[in-house]
Amino acid sequence: MALQRIALVIAARSMAWRWVAGLALLTASSGCSSPGAAPSASSAQDAGAGDDAGTKPCGPPPGGWEAGRDPPAPCVREVRGAVRVAGGGALASPDVSVCGRACFRGRGDATGAFRVPVNTHLPEGGYVLFVHGRPAHASTFVRLPPSPPENVDLGTLVVPAFTSVGAALPADGAPATTVTAGAISLSVAADTTWDLAIEDLLDEAEGRKLRVAAGPAPDVAGGAALVYALGPFSATPSKKVGLRVNEAGGMSAGAAVEILEMAPLGLEGENAAGRMRIAARGHVSADGKGIETDPGEGLTVLTWVAIRPVR
């Protein structure tokens with residue numbers, strides 16, 4: 001019955017990329033040497049894998065790329081790096097994907113080191129590395145550098161372990177409620193529905209539970225007084241979700257704040273995933289002990305959140 005429910009949910013969604021990225025299914029090149037043609041589907045292991053990947057023709061950009069209209073699309077052979085847990089050691093065997101209009105999957109080793117075979121022309125600004133940390137660790141997006149070289153080395157990436165696990169997000173269409181984990185409380189409006197990643201839909205025991213970790217996060221937002229990772233990562237409510245934080249990060253009572261969230265993966269136009277955007281406005285409480293979004297304001301996705309004074 002669970003699989004039937006998941007199939008119905010997926011079929012009803014227009015944003016099909018969400019479950020494609022979630023499963024890390026890939027669209028990769030069939031081996032054309034010049035950009036322009038649409039790629040064929042293949043597995044991650046076929047996408048430039050092997051010792052001779054550097055000698056194989058670099059596949060065309062996915063998604064109808066057009067020279068002169070779209071950003072330049074240099075050949076990216078592979079993306080590599082390592083993932084470790086904040087305050088700890090390596091995140092063993094991390095799942096990672098290079099994602100934009102297509103996804104290329106990789107998997108790390110016991111030391112957290114990973115290599116994602118790509119071997120495809122990737123339009124500049126359109127692709128990010130997606131570190132899949134769920135359910136116990138925060139996930140994140142890391143943007144590829146501008147004009148990336150053929151072999152992109154992102155170095156060591158740090159993700160925190162979730163330290164607070166709360167109740168499950170309310171069922172779709174449920175009455176208004178508040179869900180709390182650690183210092184974070186979410187005010188969910190009545191009749192809100194949730195778009196969750198396929199991994200979380202499959203995990204009936206843990207997939208809907210609110211999870212929280214304090215930062216640090218890579219390149220989140222300058223001047224942030226507080227940074228949190230929220231899960232289930234990329235869970236998207238149909239209505240804005242109010243945020244209450246039971247700490248003020250040293251900001252003064254009554255101070256106006258802006259709340260930023262990490263943009264999710266997108267397929268239309270430029271992919272803004274990994275960038276922070278202003279999601280809501282709020283204020284430090286009169287007693288100086290917490291922060292709350294202003295009426296009508298709220299988060300649009302569960303992801304990395306940063307809070308800073310209004311500049």
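Quick note: the coordinates plus some simple rules give every number you see, no bench work behind them. Note that the coordinates shown come from a computational prediction; the quantities given were computed from them, not determined experimentally. Neighbour counts run over all protein chains shown; Cβ positions are idealised from the backbone, glycine included.
Here are the numbers for the structure shown:
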read-out: Residue count for the range 65-91, restricted to those that are crowded, with 16+ Cβ neighbours inside 10 Å and in contact with an Asp or Glu (Cβ under 6 Å, 6 or more places away or on another chain); value: 3
read-out: Sole exception among (1) under 30 Å from GLU199 (Cα atoms); (2) touching a Pro at 6+ places or on another chain (Cβ under 9 Å); (3) assigned to a loop (DSSP other than H, G, I, E, B) for GLY242, by number; value: (3)
read-out: Count of the range 277-298 residues which are of a type in the set (A, V, I, L, M) and surrounded by fewer than 22 Cβ atoms within 10 Å (Cβ to Cβ); value: 2
read-out: Test: residue in the range 128-139 that is over 26 Å from GLU199 (Cα atoms), surrounded by fewer than 19 Cβ atoms within 10 Å (Cβ to Cβ) and in contact (Cβ under 8 Å) with a residue 12 or more places away in the chain; value: no
read-out: Sole exception among (1) over 24 Å from the mean Cα position of the chain (by Cα); (2) assigned to a strand (DSSP E or B) for ALA67, by number; value: (2)
read-out: Any hit, the range 257-275, residues being in a strand (DSSP E or B), buried (at least 17 other Cβ atoms within 10 Å of the Cβ) and free of Cβ contacts under 8 Å to residues at least 40 places away in the same chain; value: no
read-out: Residue within the range 119-137 that is touching a Cys at 6+ places or on another chain (Cβ under 7 Å) and among the β-branched types (Val, Ile, Thr) present; value: yes
